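Step one of this worksheet: look at the structure below.
Here, each number is a calculation from the coordinates, and none is a lab measurement. Note that the structure is predicted; figures quoted are calculated from it, not measured. Here the Cβ positions follow ideal geometry from the backbone for every residue, glycine too, while neighbour counts run over all protein chains shown.
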Amino acid sequence: MQWDIVIGLEIHVQLATQTKIFSGSSTAYGAEPNTQANAVDLAMPGTLPVPNENAFRYAVMFGLAVNAEIGRRSVFERKNYFYPDLPKGYQTTQLEQPIVGPGYVDVDLANGETKRVRIHHAHLEEDAGKSLHETFFDELGHGMSGIDLNRAGTPLIEVVTEPDMNSAEEAVAFAKKLHSIVTSLGICDGDMSQGSMRFDVNISLKPKGSDQLGTRTETKNLNSFRFMEQAIAHEVERQMDILEDGGRIIQETRLYNGDRDESRSMRTKEEANDYRYFPCPDLLPVVIDDDFIEDARQRLPELPDARKARFKEQYGLNDYDAGLLSGDAKLAAFFEETVEHGKDAKLAANWIQGEFSARLNAEEKTVAESPITGAQLGDLVVRIADNTVSSAGAKKVFEALWTGENDNVDAIIDAKGLKQVSDTGALEAMVDEVLAGMPDQVAQYQNEEDPKKRKKMLGGFMGPLMKASKGQGNPKLFNEILVEKLGG
Amino acid sequence: MHNKSVAELSRELESGKISSVELTQQFLDRLKQEDGKYNSFITITEEQALAEAKAADELRAAGKATAWTGVPFAHKDIFCTNGVRTTCGSKMLENFVPPYDATVTEKFRQAGAVCLGKTNMDEFAMGSSNESSYFGAVTNPWGLSSGEKRVPGGSSGGSAAAVAARLVPAATATDTGGSIRQPAALCGVTGLKPTYGRVSRYGMIAFASSLDQGGSMARTAEDNALMLNVMAGFDPKDSTSIDREVPDYTATLNEPLKGLKIGLPKEYFTDQLSPAMEEQVRNAVKEYEKLGATVKEVSLPNAKLAIAAYYVIAPAEASANLSRFDGVRYGYRCEDPKDLMDMYTRTRAEGFGAEVKRRILVGTYALSHGYYDAYYLKAQKVRRLIQQDFANAFKEVDVLMSPTSPSPAFVQGEKTNDPVTMYLEDIFTIAINLAGLPAMSVPAGFVDGLPVGLQIIGDYFAEARLLNAAHQFQQVTDWHQREPK
């Protein structure tokens with residue numbers, strides 16, 4: 001049987017506010033456990049929440065960026081459940097009257113099509129703390145669990161989509177687009193390894209063409225695009241196996257283990273909590289007026305779609321390059337700094353997508369953590385474009401910049417003797433000398449009629465030529481001179 | 001000295017006849033000697049009080065005294081006090097020492113007042129008789145001579161008994177459904193529940209957040225005005241507090257009452273009220289007529305729904321507010337929990353008393369899937385109707401008057417096995433909390449030797465008018481000066 005895959009996402013986006021959503025504690029990541037949790041975060045008796053205006057501003061900016069209606073009256077509710085890292089015994093969140101109403105995001109797919117994914121709504125809420133899974137022992141040697149409440153109260157927006165995606169590829173493309181939007185807005189640092197964005201995936205299957213949705217499962221807390229893709233593939237296969245064996249899907253929440261490519265049931269619908277939502281009496285409804293929305297609109301930076309169009313227009317990039325370089329706000333800024341100094345946009349794009357990205361990946365660094373600046377890479381691009389260095393030489397310059405050996409491109413070229421010889425006279429002399437020493441190969445070349453083979457044989461002369469020029473001969477010029485001297 | 005009001009003590013200190021240290025020591029000695037009879041205090045903070053008194057004397061010497069500098073008083077044990085244990089009348093918080101002050105606590109500190117300790121209360125403010133306290137019932141100073149131990153009312157029964165017994169001239173209190181006014185009435189003292197949002201709730205341990213309001217208890221209306229002068233005001237730490245100017249509440253105490261329009265809600269003068277109680281209340285209203293006020297009957301048609309709506313909304317909010325008492329971070333934790341669920345269930349089963357558990361269960365039920373619309377939403381609709389009733393009444397009159405409680409102080413144990421009868425104690429007070437209005441209870445006579453309270457209800461932020469009306473009444477009556485034997 002043929003199946004349609006139906007996917008909806010819920011995405012938790014941590015907002016990059018300085019302080020928590022209902023208290024003045026810092027939201028910075030990585031501090032010693034419980035050093036960023038004050039009396040409010042610890043839910044000490046009598047303490048009360050005070051809303052953080054910036055969290056509302058960021059949520060409204062997000063709403064505007066996804067073409068959504070803004071909820072003019074925003075109401076917080078209490079979602080009641082007991083868990084050790086949930087200090088109040090309820091999460092303050094939104095249900096009936098969220099800050100962001102229906103909207104949509106257009107996603108470019110690899111096949112060139114554009115997919116519209118509708119946003120059902122997005123609401124503001126507080127994050128919980130973390131249970132620490134290391135083992136602690138009390139003075140008597142009893143095992144204990146640790147709770148770190150630094151994260152408790154960090155503002156989140158939970159974005160809920162309609163079930164508009166029909167493959168893992170579409171879901172991942174949407175997720176990446178959303179990542180691109182929130183990082184471009186500057187409302188989220190986008191660092192998925194630190195949990196700044198977390199995905200829950202709702203998946204169901206239905207017979208191809210059917211308009212009746214199947215029973216869905218929810219796979220929770222996926223924190224990388226790769227795991228998300230794997231988890232979807234895994235769950236689709238699991239559901240397909242069950243359905244094709246005549247079984248039924250149970251509505252349940254599942255956990256996916258990316259390292260083992262396994263999933264297990266966390267709880268079924270019958271075991272689901274009754275969260276007993278009700279409006280939080282400690283927080284009055286927040287009214288979002290026209291001025292607040294207009295202020296948020298003024299703060300909107302260039303968004304990924306507009307940036308992509310501009311990159312194509314302004315820098316003459318093709319659709320693919322423009323898409324890759326415009327998606328991540330920091331990468332886009334790096335690219336523009338490189339071009340500003342390096343002029344040649346295509347060359348800058350190639351270097352950023354090639355050597356630069358490969359190096360970041362290899363060292364698991366973000367653009368922000370790059371040891372080299374766009375200006376430095378731009379200087380290098382200039383020297384590649386004007387033939388001062390060969391691409392092989394340029395890689396050595398890049399290496400020296402990356403390791404911090406020296407921060408000036410020209411100084412590195414001088415110090416390492418990487419300057420290409422482009423003086424035609426000198427190069428011709430070298431070619432003459434090398435060809436004189438290789439008479440057999442010259443004869444072989446000249447007897448060969450297949451142009452492809454001839455082209456390949458040309459490479460046999462390049463090695464000795466580069467050696468003769470101590471690696472400094474301009475390979476492109478060498479090539480031209482060779483062809484001429486060998487008679488085509 | 002123990003018979004003097006805050007205003008009088010303030011003048012004594014100002015005149016230099018007595019120092020705060022001397023005064024505080026006198027009150028502490030009396031408190032330690034007398035409170036065995038009443039159990040009105042959970043914690044007496046002798047050392048801190050004497051230190052505060054010393055600091056107050058220094059402030060006064062430096063010419064920086066306020067009306068409160070060096071005057072002894074007490075806090076209901078629901079207000080968090082930095083470094084002093086705050087129990088809320090519960091085993092759950094028996095050893096809880098907050099590392100912060102409630103905003104109200106902080107304000108009294110800044111005013112230089114001397115806190116003698118923390119007064120007893122129903123556990124988590126849930127009760128109308130002060131019998132649900134983990135630290136034992138409080139005994140009303142009235143009626144003791146007859147040999148029967150009577151309740152002081154609740155939940156602020158400790159504050160009311162302490163003021164009535166002259167252990168302190170004034171005490172803070174809180175009121176969610178009548179917890180200031182009903183004990184004030186039963187103990188023959190004057191109490192004020194301000195407009196919701198007038199006094200910060202920060203650091204005041206929550207029972208039902210949309211109803212809780214901090215207020216005052218003292219023997220005179222004037223002292224209540226002095227207390228509200230300290231307590232009232234916007235607090236950026238409480239999103240529900242209201243940013244509105246705070247008048248000097250003592251400035252208008254002596255305004256004449258001529259032309260004051262009094263409304264008597266007919267629903268509050270029914271056969272639920274004994275003829276003897278009603279007579280006292282009507283006599284008090286006659287005093288007001290003598291002072292130039294006019295009286296008319298008004299109607300609050302939805303008042304009869306108040307108890308039912310309250311016992312959905314208050315427990316619903318409480319069920320969430322009390323979830324934080326889970327044994328994880330502070331407070332009571334059961335011995336040797338074998339796993340997480342065991343820790344939760346035993347901590348809460350052992351740490352909370354019966355009435356608290358009853359209300360958590362009621363509230364949890366009311367919010368449950370499938371019941372929410374029928375209970376919680378319906379109760380909120382009733383709440384709006386009740387607000388509208390009061391709004392209509394205040395189009396016709398300036399204040400409403402009624403009895404504060406249906407009967408005077410009852411004997412301990414009389415109603416403990418019948419929660420619904422106990423809940424009816426607040427039949428005249430609860431609607432005011434649902435509407436968020438200010439109200440007072442003022443001593444207005446005696447039935448069988450036990451005090452009767454007159455409830456005066458005002459429109460939003462009409463505290464000054466209420467205090468003025470109460471003060472003028474106290475100029476022509478002496479019910480508030482009577483001392484229990």
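Sites listed here are trypsin sites (Lys or Arg not before Pro) in the stretch A:255-323 whose DSSP assignment is loop and whose Cβ has at most 16 other Cβ atoms within 10 Å: A:Arg260. For every helix of n ≥ 4 consecutive DSSP H residues, a contribution of -39,500 (n - 2.57) applies; sum these over chain B, divide by its total residues, and give [θ] at 222 nm rounded to the nearest 500 deg cm²/dmol. Value at 222 nm, helices only: -11500 deg cm²/dmol.
Taking a cut-off of 18 Å between Cα atoms, list the aspartates and glutamates near A:Lys330, but don't count ones fewer than 8 places away on the same chain. Cα-Cα hits under 18 Å: A:Asp189, A:Asp191, A:Glu302, A:Asp305, A:Asp321, A:Glu340, A:Glu355, A:Glu363, A:Glu364, A:Glu369.
Tell me, what is the percent relative contact order of chain B, built from C-alpha pairs under 8 Å that lie six or more residues apart? Relative contact order, chain B: 18 percent.
Please say if the protein assembly as shown is rounded, prolate or oblate, where rounded means a/c under 1.5 for a ≥ b ≥ c the square roots of the C-alpha gyration tensor eigenvalues, and otherwise the choice is prolate for a/b larger than b/c and oblate otherwise? It is prolate, given that a/c is not under 1.5 and a/b is the larger ratio.
Roughly how crowded by other chains is peptide A:37-44, in terms of the mean Cβ count from those chains within 10 Å of each of its Cβ atoms? If you can, show how the numbers build up before the last one.
Values: counts 1, 2, 6, 3, 0, 5, 7, 11.
Taking the mean over all residues of the peptide, I get 4.
Taking Lys and Arg as +1 and Asp and Glu as -1, the other residues whose beta-carbon sits under 10 Å from that of A:Phe398 total +1.
If you average the C-alpha positions of the stretch A:32-58 and of the stretch A:333-408 separately, how far apart do those two centres end up, in angstrom? Each part's Cα centre sits 43 Å from the other's.
Taking every residue in A:76-88, how many Cβ atoms of other protein chains lie within 10 Å of its Cβ, on average?
4
What does the structure give for A:271-279 when I average, per residue, the other chain Cβ atoms found within 10 Å of the residue Cβ? Kindly include the intermediate steps, with their values, before the conclusion.
Values: counts 0, 1, 1, 7, 3, 13, 4, 12, 4.
Per residue, the average neighbour count from other chains is 5.
Of all the C-alpha pairs in chain B, what % are more than 30 Å from each other? Numbers along the way, then the final one.
Details: 47959 of 117370 pairs.
Value for chain B (Cα pairs over 30 Å): 41 percent.
When the C-alpha to C-alpha distance is required to be over 18 Å, the pairs from A:Lys115/A:Lys176; A:Lys115/A:Lys308; B:Lys37/B:Lys485; B:Lys266/B:Lys381; A:Lys343/A:Lys470; B:Lys286/B:Lys395 that qualify are B:Lys266/B:Lys381; A:Lys343/A:Lys470; B:Lys286/B:Lys395. In summary, the aspartates and glutamates within cross-link reach of A:Lys455, defined as a Cα separation below 16 angstrom excluding same-chain residues under 8 places away, comprise A:Glu480, A:Glu484. Taking every alpha-carbon pair under 8 Å whose residues sit at least 6 apart, chain A reaches a relative contact order of 14 percent. Taking every C-alpha pair closer than 8 Å and separated by at least 6 residues, the mean separation divided by the residue count of the stretch A:150-237 gives a relative contact order of 27 percent. In chain A, the calculated helix contribution to ellipticity at 222 nm averages -12500 deg cm²/dmol per residue, counting -39,500 (n - 2.57) for every DSSP H run with n ≥ 4.
What are the GluC sites (Glu not before Pro) within the stretch B:197-281 that DSSP puts in a loop, where the Cβ has at most 10 other Cβ atoms within 10 Å?
Numbers: sites: B:Glu222, B:Glu245, B:Glu267, B:Glu278, B:Glu279; in loops: B:Glu245.
Counting only loop positions with at most 10 other Cβ atoms within 10 Å, the GluC sites (Glu not before Pro) in the stretch B:197-281 are B:Glu245.
Shown here for the stretch A:1-40: chymotrypsin sites (Phe, Trp or Tyr not before Pro) in loop regions (DSSP other than H, G, I, E, B) with at most 15 other Cβ atoms within 10 Å, namely A:Tyr29. Tally Lys/Arg at +1 and Asp/Glu at -1 over every other residue whose Cβ is under 9 Å from the Cβ of A:Thr388; what's the total? The answer is 0. Computed from backbone phi with θ = phi - 60° and the Karplus coefficients 6.51, -1.76 and 1.60, the 3J(HN,Hα) list for the stretch A:442-448 is 4, 4, 4, 4, 6, 8, 7 Hz; x is used for glycine and proline.
Which pairs, out of A:Lys456/A:Lys476; B:Lys17/B:Lys107; B:Lys261/B:Lys296, put more than 19 Å between their alpha-carbon atoms?
Among A:Lys456/A:Lys476; B:Lys17/B:Lys107; B:Lys261/B:Lys296, the Cα-Cα distance tops 19 Å for B:Lys17/B:Lys107.
Take the Cα of B:Ala374, step 7 Å toward its Cβ, do the same at A:Val483, and the gap between the two points is 8.8 nm. A cut-off under 13 angstrom between Cβ atoms defines the neighbours of A:Gly342, and their net charge, with Lys, Arg +1 and Asp, Glu -1, is -3.
Looking at the protein assembly as shown only, what percent of DSSP beta bridges run antiparallel? Nearest 5 please. It would help to have the intermediate numbers written out before the result.
Details: 87 of 104 bridges.
Antiparallel: roughly 85 percent of the beta bridges in the protein assembly as shown.
When the Cα centres of the stretch B:30-58 and the stretch B:409-485 are compared, how far apart do they sit, in Å? Rounded to whole Å, the Cα centres lie 27 Å apart.
Across all directions, the average projected area of the convex hull around the alpha carbons of the stretch A:3-296 is 17.5 nm². Partner lysines whose Cα lies under 17 Å from the Cα of A:Lys20, excluding those fewer than 8 positions away in the same chain, are identified as A:Lys88, A:Lys130, B:Lys237. If we count GluC sites (Glu not before Pro) as exposed when they sit in a DSSP loop and have at most 16 other beta carbons within 10 Å, what is the longest stretch of chain A that avoids them all? The reported range is A:140-301.
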